[in-house]
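The values are calculated or read from the model by the stated rules, or taken from the named source; none is laboratory data. Computed from a predicted structure; not experimentally measured. Cβ atoms come from the backbone with ideal geometry, glycine included; neighbour counts cover every protein chain shown.
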Amino acid sequence: MDENIATLKGIGLTMYEAEAYITLTSLISSTATEISEKSGIPRSKIYDVLKELSKKNFIEVEDGRPLTYNVKSPVEVLTREKERLNLEIDDTITRLTNIYENGMSQVRAPIWRIYGVEKIINKELEIIKRAKTSINMRIGFLFEGEGEALINSLKNRPDLRVNILASPTCYINNEKIEIIPMFKENDIPIQKADIPFVKLIISDSKEMMHTYTKFSEDKRNVIPETSIGIWNKYEDIARNYDERFMNQLKKIKSKRKA
């Protein structure tokens, strides 16, 4: 299928409507007969198709004998549709997240194991997106691509209070990664700390995830297939860890002031 047709169908047009609109973008202004001949849409269908495109505000109809159909600019039309879809998606995210979180609160033992680097990173990003006021993190290592993903997600949430304690460096594929400068260069608050080879993310003192992994014999590189995340929605446990995190952060800051 033509990519343009697939995109137009994806935003709600039928196959015939997509074909007619694409045809009219090259004709600019034309009659139903001409559009039918160039697009291959049967004459028995073309008037209904053009009527629907007019209703959807993709074209304008000019009175006359015969009627003339004028295309609306793709920039105007598709920008409008993109904004409409974004609003619909945002509303759907809000509605389904409320349902999801209500369901989560009913789970009797809210602890899950997450296997696989991609799933672990996605869960971290999900936790950041869901956070209401704060994100606290302890970073003892990073997976490939994880630092950039975390930074982008945190930059999209300037409303959050963010605190990060991190080891100064880690290794990814035998390449030394400077963790502290990576985050500081993007204006993400971060403090150097003595962190073991684990990661911890806490959201709003309500949920948290620990991530563990095995390392190569030289203790430099992560062995991705051994990685596991423990996602925990027990608020008492998350609050306990958050208090310990903040105490450690205060001690580090007071030592630096002394």
Kindly indicate the residue of the range 231-258 that is in contact (Cβ under 8 Å) with a residue 60 or more places away in the chain and outside any helix (DSSP H, G or I) and also surrounded by the fewest Cβ atoms within 10 Å (Cβ to Cβ) among those meeting that condition.
234
Looking at residue 24, is it modelled with pLDDT of 95 or more and surrounded by 15 or more Cβ atoms within 10 Å (Cβ to Cβ)?
no
Has the range 23-43 got any residue that is under 18 Å from residue 81 (Cβ atoms) and not β-branched (Val, Ile, Thr)?
yes
Within the range 207-230, how many residues turn out to be among the small types (Gly, Ala, Ser), under 15 Å from residue 138 (Cα atoms) and surrounded by fewer than 18 Cβ atoms within 10 Å (Cβ to Cβ)?
0
For the range 184-213, how many residues are at positive phi and in contact (Cβ under 8 Å) with a residue 40 or more places away in the chain?
2
Filter the range 191-205 down to residues that are out of contact with any Lys or Arg (no Cβ under 6 Å at 6 or more places or on another chain) and β-branched (Val, Ile, Thr) and give me whichever is farthest from residue 166 (Cα to Cα).
202
